[in-house]
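This report refers to the structure that appears directly beneath it.
The values are calculated or read from the model by the stated rules, or taken from the named source; none is laboratory data. Bear in mind the structure is a predicted one, so any value in this text is a computation, not a measurement. Because the Cβ atoms are built from the backbone with ideal geometry, glycine has one as well, and the counts that use them run over all protein chains shown.
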Amino acid sequence: MSKGIIVAGFGAIGKTTLGNKYQNVIDMESGMYRWDNTGFEDIPYEQRKGKKDRPENKDWPNNYYSAIIEAMKDYDIVLTSMHWHLLEYLEKNNIEYYLAYPTLDSEEILEKRCYDRGNNKVFTDKLKINLKNWYIKLKDYNPKKILVIEKNEYLEDVLKKEKLL
């Protein structure tokens, strides 16, 4: 296993579960860096997603980039969100990364996972739209490899198949 690999993954593929399951894996949930979560601490994290009434953190996105680079020193796998600007940052700085992306026929499963974990309709609808939008945009990026997540798979399954976990 490589030390400090970055896996930028689409939503609802199992990043948080994976980060909670393995000590050598960290899920760098972008919302913890993007938003000032002051006053929202009593709301479970998954239920905060899609809420736009939180002010954006003034250090975003540089605070996220810095945290990812630091995490690479301590973890074998650093799981990140898929943001256009993050991928551009990684490429501009010659930082190797993998992309984990579900197949287009996964929409219903992803939607169910979102609702099961407490995400709201705004977040879930955006995720479904992004599934198609990102698929078109993937060709614009140069990851080390695209990790394809089949309809009934999770990120953990694919990382094991690829011998990255």
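Summary of values
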| read-out | value |
| --- | --- |
| Some residue of region 17-24 being among the small types (Gly, Ala, Ser), in a helix (DSSP H, G or I) and under 16 Å from the mean Cα position of the chain (by Cα) | yes |
| Filter result for residue 122 (of a type in the set (A, V, I, L, M, F, W, C) and at pLDDT below 95) | yes |
| Matching option when the condition is closer than 18 Å to residue 156 by Cβ, among the small types (Gly, Ala, Ser) and in contact with a Gly (Cβ under 7 Å, 6 or more places away or on another chain), among 100, 8 | 100 |
| Selection within region 5-34 - crowded, with 17+ Cβ neighbours inside 10 Å and within 12 Å of residue 76 (Cβ to Cβ) | 5, 6, 7, 18, 19, 25, 26 |
| Any hit, region 70-83, residues being more than 13 Å from the chain's Cα centre (by Cα) and either without any contact (Cβ under 8 Å) to a residue 24 or more places away in the chain or at positive phi (or both) | yes |
| Checking residue 128 against (1) under 15 Å from the mean Cα position of the chain (by Cα); (2) of a type in the set (Lys, Arg); (3) part of a loop (DSSP other than H, G, I, E, B), the condition it does not meet | (3) |
| Subset of region 93-122 [of a type in the set (Phe, Trp, Tyr) and closer than 15 Å to residue 15 by Cβ] | 97, 98, 101 |
| Criterion (part of a loop (DSSP other than H, G, I, E, B), at pLDDT 95 or above and surrounded by fewer than 20 Cβ atoms within 10 Å (Cβ to Cβ)) met by exactly one of 94, 37, 63 | 94 |
| Test set (1) surrounded by fewer than 13 Cβ atoms within 10 Å (Cβ to Cβ); (2) part of a helix (DSSP H, G or I) - residue 163 fails condition number | (2) |
| Every residue from region 66-84 that is surrounded by 12 or more Cβ atoms within 10 Å (Cβ to Cβ) and in a helix (DSSP H, G or I) | 66, 67, 68, 69, 70, 71, 72 |
| Residue, surrounded by the most Cβ atoms within 10 Å (Cβ to Cβ), within region 97-142, restricted to residues that are under 25 Å from residue 66 (Cα atoms) and without any contact (Cβ under 8 Å) to a residue 40 or more places away in the chain | 138 |
